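Quick notes on the structure that follows.
The values are calculated or read from the model by the stated rules, or taken from the named source; none is laboratory data. Treat the numbers as computed from the prediction; the structure is a model and nothing was measured. Every residue, glycine among them, receives a Cβ derived from its backbone with ideal geometry; neighbour counts consider all protein chains shown. The protein model used for the area step is the full one, side chains on, heavy atoms only, and it has no ligands, DNA or RNA in it. Shrake-Rupley method; radii C 1.70, N 1.55, O 1.52, S 1.80 Å.
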Amino acid sequence: HFSTFAMIIPVVPLRRGTCCLPATGESVGAVNEILERVSVCDVVAMYDLEMGSNKAVVLNALKQRTFRVYGGNVTKEDALMYLDSGASQLILDHQKALELLPYLPSDRIIVQCHMNDHILQQPNWAAHMSVFLSRLPESVSHVILAFPPNDKLRLPIAELRNSIKPALRRTCRLTIYFPLTLCQDVALLHAIGVDVQIDSAILSNRIDLADLLVAPLSSDRVDGYFPTVVTDERGVALGLVYSSRESIREAVRTRRGVYQSRKRGLWFKGETSGDVQVFSH
């Protein structure tokens, strides 16, 4: 997996049992196919856009790997079912989250606030949102601000940095669900410690996932390479190598360990020995 301080979380939206573009409903592939495509990321979120109609699809996918599940306004029983079935975290709309938090493990609940056009058109919307966030209960440890898929909407970096992020407790994580995020946006969000959930830009192939993963990286080395710690699925360090932007793109494309040798260029681990490294889910 690739990990950075601010995470990139691909979203797998579901409608009628398949993965689709949220704005249009256009199918973009089978669920397992899309999950495999984004499996290099530490965290993935699955959103049932039909509010429970795809429950069987979600539960079946959870047998293959763990991910966040958007429950919206689920019942307490369904919330517990998703968590017991292996969901890493459950995303709930803020009213439902506050209702169920006393009955659920708070560290596995994410509160989602919908930033609709009505809110965003209000003067000083960021100041009002900051007040709202500052009043959330201490049991809230993670908040998602979900923005509409609007091509004309700009990512509010200044508002996030100056008003919204400071309103949250330091222990509360902030994620932005901004479907049309660009690579330069990821770098800016990374700089202020904000995670980003993305769907349309990845699913429509408008942006390559590898480019998003590389976007927040920087190096103080003359050659621009990144020291990289390789670990197994348990987190045990296997060694220290170097990566480049090109090697990371190849690693994402091939789902194998590809690194940058300072002498030989791109190094495909195991190409001659057969001792290859593959990404774990």
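Taking 0.36 nm per intervening residue step and subtracting the Cα-Cα distance, what contour gain separates residue 172 from residue 122 on full extension?
15.5 nm
Given a 10 angstrom Cα cut-off, can you work out which residue in 216, 102, 22 is the most mobile in a GNM of the chain?
102
Run the quick spin-label model on residue 88 and residue 276: label points 7 Å from Cα toward the beta carbon, then report their separation in nm to one decimal.
Those two pseudo-labels are separated by 2.5 nm.
Find how much the distance from residue 240 to residue 42 grows on full extension, using 0.36 nm per residue of separation minus their present alpha carbon separation; answer in nm with one decimal.
69.3 nm
Placing +1 on the Cβ of each Lys and Arg and -1 on the Cβ of each Asp and Glu in the range 45-192, which of 174, 82, 118 has its Cα farthest towards the positive end of the resulting dipole?
Most positive-ward Cα: 174.
If you place +1 on the Cβ of every Lys and Arg and -1 on the Cβ of every Asp and Glu, how big does the dipole about the Cα centre of the chain come out, in debye to the nearest 20?
Magnitude of the dipole: close to 460 debye.
Taking the Cα centroid of the range 1-69 and of the range 174-199, what is the distance between the two, rounded to the nearest whole Å?
Taking the Cα centre of each part, the range 1-69 and the range 174-199 sit 18 Å apart.
Skip the ligands, DNA and RNA, and give the accessible area per residue of the range 14-77 with a 1.4 Å probe, whole Å².
Heavy-atom accessible area per residue stands at 43 Å².
As a test, work out the antiparallel percent of DSSP beta bridges whose residues both lie in the range 2-152, rounded to the nearest 5.
DSSP beta bridges in the range 2-152 are roughly 15 percent antiparallel.
Do you know the relative contact order of the chain, to the nearest whole percent, from alpha carbon pairs under 8 angstrom that are 6+ apart? Please report the intermediate quantities before stating the final value.
On the way: 484 pairs, mean separation 41.5, N = 281.
Relative contact order of the chain: 15 percent.
Can you give me the angle between helix 245-254 and the longest principal axis of the chain, using Cα atoms only, in degrees from 0 to 90, rounded to the nearest 10?
The angle comes out at about 80 degrees.
Extension gain residue 108-residue 219, at 0.36 nm per residue separation less the Cα-Cα distance, in nm?
Roughly 36.6 nm would be gained on extension.
Specify the residue with the greatest mean-square fluctuation among 83, 188, 240, computed from a Gaussian network of the chain linking alpha-carbon atoms under 10 Å apart.
Per the Cα network of the chain with a 10 Å cutoff, 240 tops the list.
Which loop trypsin sites (Lys or Arg not before Pro) in the range 91-175, with loop taken from DSSP, have no more than 14 other Cβ atoms within 10 angstrom of their Cβ?
135, 152, 154, 169, 170
Taking the Cα atoms only, what angle lies between the long axis of helix 125-134 and the longest principal axis of the chain, rounded to 10 degrees?
With rounding to tens, the tilt is 90 degrees.
If you count the DSSP beta bridges with both ends in the chain, what percent of them are antiparallel, to the nearest 5?
Roughly 35 percent of the beta bridges in the chain run antiparallel, per DSSP.
Of the residues 89, 197, 64, which exhibits the maximal mean-square fluctuation in a Gaussian network model of the chain defined by a 10 Å Cα contact cut-off?
Maximum fluctuation in the GNM of the chain, among the listed residues, is at 64.
Let me check I've understood the local charge: for residue 273, count other residues with C-beta under 15 angstrom from its C-beta, Lys and Arg +1, Asp and Glu -1. What total comes out?
Around residue 273, the surrounding residues sum to +1.
Would you mind telling me the share, in percent, of accessible area of the range 137-275 contributed by carbon and sulfur at probe 1.4 angstrom?
Summing carbon and sulfur atoms, their accessible area is 49 percent of the total for the range 137-275.
With a 1.4 Å probe and every protein chain left in place, tell me how much accessible area residue 159 has, in Å² to the nearest 10.
Surface accessible to solvent at residue 159 totals approximately 40 Å².
For the range 1-74, what is the percent of antiparallel DSSP beta bridges, rounded to the nearest 5? Numbers along the way, then the final one.
Working: 4 of 12 bridges.
Just about 35 percent of them are antiparallel.
Per DSSP H run of n ≥ 4, the term is -39500 (n - 2.57); total these for the chain, divide by its residue number, and report the mean residue ellipticity at 222 nm rounded to 500 deg cm²/dmol.
So the calculated ellipticity at 222 nm is -7000 deg cm²/dmol.
From the square roots a ≥ b ≥ c of the eigenvalues of the alpha-carbon gyration tensor of the range 140-226, which class results: rounded (a/c under 1.5), prolate (a/b over b/c), or oblate?
Oblate shape, in that a/c is at least 1.5 and b/c is the bigger or equal ratio.
If R0 is 45 Å, what FRET efficiency do you get for residue 18 and residue 262 from their C-beta distance, rounded to 0.05?
Efficiency for this residue pair is about 0.50.
Quick one: net charge around residue 147, please, counting Lys, Arg +1 and Asp, Glu -1 for every other residue with C-beta under 14 Å from its C-beta.
On the way: positive: 152, 154; negative: 117, 151, 159, 185, 195, 199.
That sum, taken over residues with Cβ under 14 Å, equals -4.
How compact and how long is the chain, expressed as Rg and Dmax of its alpha-carbon atoms in Å?
Radius of gyration, then largest Cα-Cα span, for the chain: 19.5, 63 Å.
As a test of reading the structure, rank 147, 132 by solvent-accessible area (1.4 Å probe, protein chains only), most first.
Of 147, 132, the descending order of accessible area is 132, 147.
Mark the label point 7 Å from the Cα of residue 191 along Cα→Cβ and return the residues of the range 137-178 whose backbone N is within less than 15 Å of it.
Residues 155-162 fall inside that zone.
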